[in-house]
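Below is one structure, written out as structure tokens, with a few remarks after it.
Values quoted throughout were computed directly from the atomic coordinates according to the rules given, and no laboratory measurement underlies them. Source: prediction; values computed, not measured. Backbone-built Cβ (ideal geometry, glycine too); neighbour counts: all protein chains shown.
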Amino acid sequence: MANPAHLSARTEPEAAALVEGLACAGRAAGQILSRTSDAAKSAALRAAAAAVRQDAKAILAANAEDVVQAEAAGLSPAMLDRLRLEGSRLEGIAAAVEAVAALPDPVGSVIDRSVRPNGLVMERVRIPIGLIGIIYESRPNVTVDAAALCVRSGNAVILRGGSEAVRSNRALHAAFVAGLEAAGLPGDAVQLVPTQDRAAVGAMLGAAGLIDMIVPRGGKSLVARVQAEARVPVLAHLDGVNHAFVHAAANSARAAAIVLNAKLRRTEVCGALETLLIDATYPDPHGLVEPLLAAGCVLRGDTRACAIDPRIVPAEEGDWDTEYLDAVLSVAVVDGLDAALAHIAAHSSHHTDAIVTEDAAAAERFLAEVDSAIVMHNASTQFADGGEFGLGAEIGIATGRLHARGPVALEGLTTYKWLVRGSGQTRP
């Protein structure tokens with residue numbers, strides 16, 4: 001590996017030198033990956049999954065230390081849940097690597113092909129992006145998910161995790177790299193920044209020409225910093241201010257089940273529901289809020305929502321733009337589909353929004369007009385996950401308009417080049 005874990009980079013020059021060293025090693029490894037066969041990459045990922053399972057005891061012990069420190073630091077219950085690993089979650093991480101290994105290799109696939117009137121054959125083929133930098137918080141599973149997706153798509157990666165998960169990330173990274181190297185791939189294809197000094201983040205953001213793309217995955221402050229400072233292209237994973245609109249024609253049992261799951265299955269995930277919109281003519285609004293209240297969810301409502309149940313507290317203006325990541329939900333009563341669309345347009349973060357209705361025309365209008373990366377009909381927003389989309393894993397949910405949108409997995413980690421084949425044509 002290029003850098004031992006004790007290195008620090010407390011000044012900007014030190015950080016720049018550290019990142020340059022990581023980048024040079026990563027780019028060299030990426031050149032090897034870009035010409036590695038599909039079978040070899042898949043085998044290396046299976047070896048990495050096996051290494052994670054083999055090192056489970058050490059990984060879980062490292063995670064337990066992180067959790068103890070995070071609890072002492074006052075990390076919120078939602079953030080602690082993101083951080084915490086246990087046997088089934090670790091097995092899920094290893095299984096996700098195997099799922100990525102089983103996916104078709106995107107590299108070299110032909111996007112389209114045409115023959116020009118002059119006989120030139122034009123093809124667009126997928127190629128790796130190059131060296132990707134991923135800056136993330138809290139979630140140790142990102143260390144492995146990101147590594148697996150990058151290796152499978154032929155990209156080298158530099159990972160910079162949050163300080164709250166530093167021991168977990170190092171243990172997971174060590175196991176993953178051991179598996180790669182045992183399978184004959186370069187360990188420098190997946191590097192973990194060996195310091196938590198913030199200067200290293202700044203150096204990654206300024207590494208134009210060394211790092212080809214930055215992916216931030218974390219809270220608003222992290223993403224805002226990355227977007228403000230980066231001189232490298234950014235694929236942003238923004239917060240999930242997600243809505244569910246229960247239309248007048250919704251099936252009441254289905255609506256109640258979807259809303260409860262969307263909010264409370266796991267409150268800390270980015271696909272969790274944060275605002276419930278109820279059609280003013282929906283016949284059973286109390287049937288929507290009662291299960292939430294009974295489960296201990298705090299509801300913050302507008303005037304009409306507060307009238308549904310006295311336990312609903314008045315919302316403040318900022319609530320409509322808040323990603324709670326906790327058992328808190330904003331509730332508004334709206335006058336039909338037009339009002340719901342207007343509310344979502346004003347407050348959505350363009351992550352995931354859903355409609356619950358048996359009216360097909362209303363559903364199709366909602367799907368067509370809501371400008372979000374993921375738009376759903378009669379399904380929980382908690383399905384906003386790369387694994388649930390059949391992608392094996394994800395780097396994040398991209399909410400922008402360029403390059404990739406929604407769950408970013410293998411295809412989102414490739415670009416393309418044109419291949420032109422001729423037979424002696426010259427341009428007149």
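By the scheme Lys and Arg +1, Asp and Glu -1, what is the net charge of all other residues having a beta-carbon under 11 Å from that of Gln69?
Details: positive: Arg167; negative: Glu65, Asp66, Glu71, Glu164.
The answer is -3.
Give me a comma-separated list of calculated 3J(HN,Hα) values for segment 188-198, in order, Karplus coefficients 6.51, -1.76, 1.60 applied at θ = phi - 60°, integers in Hz, x for any Gly or Pro.
Here the 3J(HN,Hα) series is 5, 5, 10, 10, 10, 4, x, 8, 9, 4, 5 Hz.
Sort Asp212, Asp335, Asp112, Asp81 so that the residue with the fewest other Cβ atoms within 10 Å of its own Cβ comes first and the one with the most comes last. Working shown, then result.
Numbers: Asp212 21, Asp335 12, Asp112 9, Asp81 15.
The fewest-first ordering by Cβ neighbours comes to Asp112, Asp335, Asp81, Asp212.
For segment 382-428 and segment 198-255, what is the separation of their C-alpha centers, rounded to whole Å?
Distance between centres, Cα-based: 18 Å.
Amide H of Phe245 versus every other amide H placed in the peptide plane: which residues, excluding those fewer than 5 positions away on the same chain, fall under 5 Å?
Sorted by chain and number, the residues that satisfy this are Leu277, Ala354, Ile355, Val356.
Using just the C-alpha positions of the chain as equal point scatterers, what log10 of I(q)/I(0) does the Debye formula give at each q in 0.06, 0.07, 0.14 1/Å?
-0.28, -0.38, -1.22
Sorting check: for 13-23, 337-347, 113-123, which peptide has the highest mean count of neighbouring beta carbons within 10 Å, and how do the rest follow?
So the peptides 13-23, 337-347, 113-123, ranked by packing, come out 13-23, 337-347, 113-123.
Note down the net charge around His247, summing +1 for each Lys or Arg and -1 for each Asp or Glu among other residues with Cβ under 9 Å from its Cβ. It would help to have the intermediate numbers written out before the result.
On the way: positive: none; negative: Asp279, Glu358, Asp359.
Value of the local net charge: -3.
Once you sort the root eigenvalues of the Cα gyration tensor of segment 242-383 as a ≥ b ≥ c, which label holds: rounded (a/c under 1.5), prolate (a/b larger than b/c) or oblate (the other case)?
Numbers: a/c = 1.32, a/b = 1.17, b/c = 1.13.
Verdict is rounded for segment 242-383.
Mind checking which lysines have their C-alpha under 28 Å from Lys41, skipping anything on the same chain fewer than 8 residues away?
Here the lysines satisfying the reach criterion relative to Lys41 are Lys57, Lys417.
Let me check against my output: what whole-number percent is the relative contact order of the chain, with C-alpha pairs under 8 Å and at least 6 apart?
On the way: 916 pairs, mean separation 81.6, N = 428.
It comes to 19 percent, rounded to a whole number.
Going toward the positive end of the dipole of the chain, with +1 on Lys and Arg Cβ and -1 on Asp and Glu Cβ, which of Pro428, Val52, Asn261 do you reach last?
My answer, from the dipole projection, is Pro428.
What does the highest-first list of 328-334, 367-373, 354-360 look like by mean Cβ count within 10 Å? Intermediate results must be reported in sequence, preceding the final value.
Numbers: 328-334: 23.1, 367-373: 16.6, 354-360: 21.1.
Those peptides, ordered most packed to least, come out 328-334, 354-360, 367-373.
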